[in-house]
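Since the structure comes first, as structure tokens, the remarks are kept for the end.
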Amino acid sequence: MTAKRIILIIGGGIAAYKSIELIRLLRKSGHDVRCVLTASGAQFVTPLTLAAISGNTVHQALFDLTAEVEMGHIELSRSADLVVVCPATANMMAKMASGLADDLASTLLLATDKPVLAVPAMNVRMWLHAATQRNIAVLRSDGIEVMTPDDGDMACGEFGPGRLPEPAAIHAAITAKLAAQHDVLAGQPDFAPPTPRPLAGRRILITAGPTHEPIDPVRYIANRSSGKQGYAIAAAAAELGAEVVLLSGPVALPTPAGVTRIDVESAREMAEAVDSNLPADAAILVAAVADWRAADTSPQKIKKDGSGAVPPLMLTENPDILAGLAKSDKRPPLLVGFAAETNDVIANATAKLARKGCDWIVANDVSADPMGGETNQVHIVSPTGVTSWDRLPKSAVARKLMESIADELDARAPLG
């Protein structure tokens, strides 16, 4: 089954902790999971934990102006293939059955036109109460699938039906529901099967972000790289079916869905990580690796001595990861480097291509639009010439680049 986008609404209740394992299972299956956390749910699991596990921003507030501009609740409710409510509390199901919309979760459920799966969890007496059973009947008559909870010990000390099913069982139910949706669509006259993903079966190694080169325990040499372009490239590669390993310098970005992320700090750590994560079909070295590091790192914070004299800072050159990989016996079939330039962009990138020995250089001018922006204008420099693209959002640059890389890999090293 192709990867799907799933909205996971997490209600209040001690069973909310199981949502973390469910997200992990869904991510392992390749699905993109976006979490909506209710105020009650936030008493049991934190937005930070859910963001780290899902690799996406966690949505909580109905009237979050930033979210309304970027992805309002109407768009959010319709951007998924499936909406899952887990745990679905008695209160949440009562609101769903009555059509109430007083927070982001209930508003999303009222606005969605996508299939909904509710996974109940509550005290046994609440589950057996006539009002809850009546609400369940209404939901099922409305076309919402409601899983049957497990029997078992409750956090309150009672025993009986109402216990949240184990994450593996919920994952199986989600898989079955997505498969059923596919079968329904396949029976329609205008159904088109999913397009094959051109990077399926390929392993792609990507570096992103800056490196931090320590001077002492509190200071370091770095640059302004945000990692946004590298992370967008990793996300696009995963969407096109690749097995993606992302070697990341220190950035404040969530891990893209379907990507294996390895965090490093210094240039030497990144060089070691590149070597240990080969072979790969392609390596795309987007990271802005520091050219130099302190020759001697002080084990203690360097202090002013009151004389006004500046302490000497001796620098030494960092390993050239791109040039080293180009000469390595582990060299991938396609090796792509990046060049952030402030002047003579194409000339400098062409010289870098020859000097480094890679296949392509993706060059961009950072003099007017500094690192950290949301758009990029790039030039693809290769031995056969230069191709210049219009300024695009970084996500669009990433998609276009990865599609070009997929075509190039097919020409250089066909699968099978």
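The values are calculated or read from the model by the stated rules, or taken from the named source; none is laboratory data. Since the model is a prediction, treat every value here as computed from it, not as a measurement. So basically every Cβ, Gly included, is an ideal-geometry build from the backbone, and we count neighbours across all protein chains shown.
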Residue satisfying all of: in region 376-416; charged (D, E, K, R) and outside any loop (DSSP other than H, G, I, E, B); farthest from the chain's Cα centre (by Cα) among these: Arg412
Condition check for Ile321: surrounded by 15 or more Cβ atoms within 10 Å (Cβ to Cβ) and within 24 Å of Ile215 (Cα to Cα): yes
Region 205-230: number of residues that are farther than 27 Å from Pro299 by Cα and assigned to a loop (DSSP other than H, G, I, E, B): 2
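Hey, among Val310, Val397, Val362, which residue is farther than 16 Å from Ala283 by Cα, β-branched (Val, Ile, Thr), surrounded by 19 or more Cβ atoms within 10 Å (Cβ to Cβ) and out of contact with any helix residue (DSSP H, G or I) (no Cβ under 6 Å at 6 or more places or on another chain)?
Val397
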Would you mind stating whether Ser141 is of a type in the set (Ser, Thr, Tyr), without any contact (Cβ under 8 Å) to a residue 24 or more places away in the chain, surrounded by fewer than 19 Cβ atoms within 10 Å (Cβ to Cβ) and farther than 21 Å from Lys18 by Cα? yes
Between a residue in region 123-138 that is surrounded by 12 or more Cβ atoms within 10 Å (Cβ to Cβ) and any residue that is part of a loop (DSSP other than H, G, I, E, B), which pairs come within a Cβ distance under 8 Å, given they are 6 or more apart or on different chains? Asn123/Met154; Asn123/Cys156; Asn123/Glu158; Val124/Met154; Val124/Glu158; Arg125/Glu158; Trp127/Pro149; Thr132/Met122
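Report yes if Ala294 is among the aliphatic types (A, V, I, L, M), closer than 30 Å to Val218 by Cα, in the same structural domain as Ala238 (by TED's automatic domain parsing) and touching a strand residue (DSSP E or B) at 6+ places or on another chain (Cβ under 7 Å), otherwise no. Write out each step before concluding.
Values: among the aliphatic types (A, V, I, L, M): yes; closer than 30 Å to Val218 by Cα: yes; in the same structural domain as Ala238 (by TED's automatic domain parsing): yes; touching a strand residue (DSSP E or B) at 6+ places or on another chain (Cβ under 7 Å): yes.
Yes: the conditions hold for Ala294.
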Where a residue in region 22-46 is farther than 17 Å from Ala169 by Cα and its partner, wherever it lies, is of a type in the set (Lys, Arg), with Cβ under 9 Å and at least six apart: Gly30/Lys4; Asp32/Lys4; Asp32/Arg5; Val33/Arg5; Val33/Arg27; Arg34/Arg5
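Counting only residues that are under 16 Å from the mean Cα position of the chain (by Cα) and closer than 12 Å to Leu8 by Cα, how many does region 37-50 have?
In the first step, residues of region 37-50 are kept if they are under 16 Å from the mean Cα position of the chain (by Cα); the result is 47-50.
Subsequent filtering for residues that are closer than 12 Å to Leu8 by Cα retains 50.
Of the residues in that region, 1 qualify.
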